[in-house]
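First up is the structure itself, then whatever we jot down about it.
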Amino acid sequence: MAYTLSMVGSLVLLLVSRHTVHHPPIWFDRRVTGYSLKNAPLGVFDAKSGFYVVRAGDCDGAFLSITLTRDRHIVKNAGYRVPSLDASKDGDESKRLAAKRLSPLSTGKGVRIGFSPSRVAARLGRPTQIQRSGERKQFVDYVYRLEERPDGASYQQTYTFNRDG
């Protein structure tokens, strides 16, 4: 069974205090397709590749995420209007997606869409956890996690692989 990286899941940074200096683990990446992890909402759709980038954060910046995905439901659940899922309604509170080319489809550490699990592990090291996901458990997730550091920060990054064929 061969798996390839089909989407980069959430890159999540949890901060307890915004006033301490944080040194994330070596595998932690703050960039996806040229966008940085920060507390500024963002929703982008690339019609050519079919990928979305969604960036979110809570009001005080304690929880930040950036997601590269083709899953329209993840985008819709983040509050964005997905035309193929939503009929335009008057008074719709959903945010609009920006239409832009996403290039390259990779992280700042050089992990690219299409990488195999072994290639991701070779670049980032062994994942903290390997788990199955999806309705039919058709995906394999490589989860990199560092729960709580002495400075109060927690880090998590997930790479989701789709079975080929």
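Please treat every number below as a calculation from the coordinates, not as lab data. Note that the structure is predicted; figures quoted are calculated from it, not measured. Ideal geometry is used to build each Cβ from the backbone, glycine not excepted, and the neighbour counts take in all protein chains shown.
Normalising by residue count, the range 107-165 has a Cα convex hull of 97 Å³ per residue. Once the C-beta distance of SER118 and SER36 is scaled by a Förster radius of 22 Å, the resulting FRET efficiency is 0.20 to the nearest 0.05. Counting only the Cα atoms, the range 41-147 fills a convex hull of 140 Å³ per residue.
Do any of LYS38/LYS109; LYS76/LYS109; LYS38/LYS100; LYS100/LYS137; LYS48/LYS76 go past 24 Å between their Cα atoms, and which? Display every interim value, and only then the final one.
Values: LYS38/LYS109 17 Å; LYS76/LYS109 28 Å; LYS38/LYS100 19 Å; LYS100/LYS137 32 Å; LYS48/LYS76 19 Å.
Checking Cα-Cα distances, LYS76/LYS109; LYS100/LYS137 exceed 24 Å.
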